[in-house]
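So the structure is just underneath, and the comments pick up after that.
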Amino acid sequence: RRQRQMCIRDRYYPKTNSFVKAATWADSLKSDDVYAFNHWHFSNKPVMGDNRTKPPYANIQSIAWAINQSEKVLRSKNANDLEKALFLRFYIHLIGDVHQPLHCASLYNKKFPKGDFGGNAYKIKSGYADNLHQAWDRGVGLFDHYRGKNKVKRLANKIQKEYPKANFNTELKHKHPSQWVEEGNKIAKNTAYK
C-alpha cells in the first residue's frame, strides 16, 4: 500500500528540476482523464463577430482566478511543500497560457453562437495546424523550425539576445492577471481573428 501511494505521489508530484516538465505538467492531466482543472487554462471573454449573438455568462473560475489562487497557495504559511509544488506547476503553466491570446477570447457570431472556444472550433487549412488555437499555440508555424532540445536552446538564446534581461528592469505596465486577459483579448480581436 505504501509503495502504491509513493507511485501515485511520484506521478502527480514528480520530482524534477526541469522548468519545461513543470510548465507542461498541467496539460498532461488530461491524458489521465483529470478534467477538473480544464477551465483554469482560459477565459472565454467574448469577441463579438456580430450584434445578434449573445454570449453565455462568464465563468468566474477562469485563468485569472486560477493564477490568483495559485499565488495565494505559494504565499501561504499553511500550505505544505507538496501543495506548493503542485500550485507552482499550475502557476508556471497558466502564466504561459494567459499570454497566448486565444486563451483569453472566444469568437461569438452566427457561425459560432456558443463561441469558438478560443479558436479550437475555428477550423483552418494549414500545414502546421487544424484550427486557429493550435496555430497560435505553435507560434503560427515558427515553432516547427525549433523542434528538439538544441533547437529550442538556440531559439531561447536568440530571444534573450533580442530582449536582454536589462530591458525588463522597469515595472510591469499590467500587474494583475485580469489585465493580462484584457490585453490578450484585444490581441485576439485585433490580430488573431483578423
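The values are calculated or read from the model by the stated rules, or taken from the named source; none is laboratory data. Just so you know, these numbers come straight off a predicted model, no measurement behind them. Note that we place each Cβ from the backbone using ideal geometry, even for glycine, and neighbour counts take in every protein chain shown. To get the accessible areas, we keep the full protein, side chains included, count just its heavy atoms, and leave off ligands, DNA and RNA. Shrake-Rupley method; radii C 1.70, N 1.55, O 1.52, S 1.80 Å.
A few notes on this one:
- Counting the residues of the stretch 79-104 that are closer than 20 Å to Pro177 by Cα, surrounded by fewer than 19 Cβ atoms within 10 Å (Cβ to Cβ) and in contact (Cβ under 8 Å) with a residue 12 or more places away in the chain gives 6.
- Residues of the stretch 34-43 satisfying the condition of being under 14 Å from His103 (Cβ atoms), open to solvent by less than 50 Å² (accessible area, probe 1.4 Å) and part of a loop (DSSP other than H, G, I, E, B): Ser43
- When Lys123 is tested against the conditions (1) open to solvent by 30 Å² or more (accessible area, probe 1.4 Å); (2) in contact with an Asp or Glu (Cβ under 7 Å, 6 or more places away or on another chain); (3) closer than 20 Å to Leu29 by Cα, the lone failure is (3).
- Residue check: Gly49 meets all listed conditions (1) open to solvent by 30 Å² or more (accessible area, probe 1.4 Å); (2) at pLDDT 90 or above; (3) in contact with a strand residue (DSSP E or B) (Cβ under 9 Å, 6 or more places away or on another chain) but one, namely (2).
- The residues of the stretch 110-120 that are surrounded by fewer than 21 Cβ atoms within 10 Å (Cβ to Cβ), out of contact with any Ser or Thr (no Cβ under 7 Å at 6 or more places or on another chain) and not charged (D, E, K, R), listed by number, are Phe112, Asn120.
- Filter result (of a type in the set (D, E, K, R) and either surrounded by 14 or more Cβ atoms within 10 Å (Cβ to Cβ) or modelled with pLDDT under 95 (or both)) within the stretch 52-78: Arg52, Lys54
- Answer from Leu107, Leu132 - the residue that is in contact with a Leu (Cβ under 8 Å, 6 or more places away or on another chain) and crowded, with 20+ Cβ neighbours inside 10 Å: Leu132
- Residue list for the stretch 87-118, restricted to those being touching a Phe, Trp or Tyr at 6+ places or on another chain (Cβ under 9 Å) and hydrophobic (A, V, I, L, M, F, W, C): Phe90, Ile92, Leu94, Ile95, Val98, Leu102, Cys104, Ala105, Leu107, Phe112, Phe117
- Test result for Leu155, surrounded by fewer than 20 Cβ atoms within 10 Å (Cβ to Cβ), farther than 28 Å from Ala66 by Cα and out of contact with any Pro (no Cβ under 7 Å at 6 or more places or on another chain): yes
- Residues (hydrophobic (A, V, I, L, M, F, W, C) and surrounded by 12 or more Cβ atoms within 10 Å (Cβ to Cβ)) located in the stretch 19-33: Ala22, Ala23, Trp25, Ala26, Leu29
- Subset of the stretch 17-46 that is in contact with a strand residue (DSSP E or B) (Cβ under 9 Å, 6 or more places away or on another chain) and among the polar types (S, T, N, Q) - its residue that is nearest to Lys84 (Cα to Cα): Ser43
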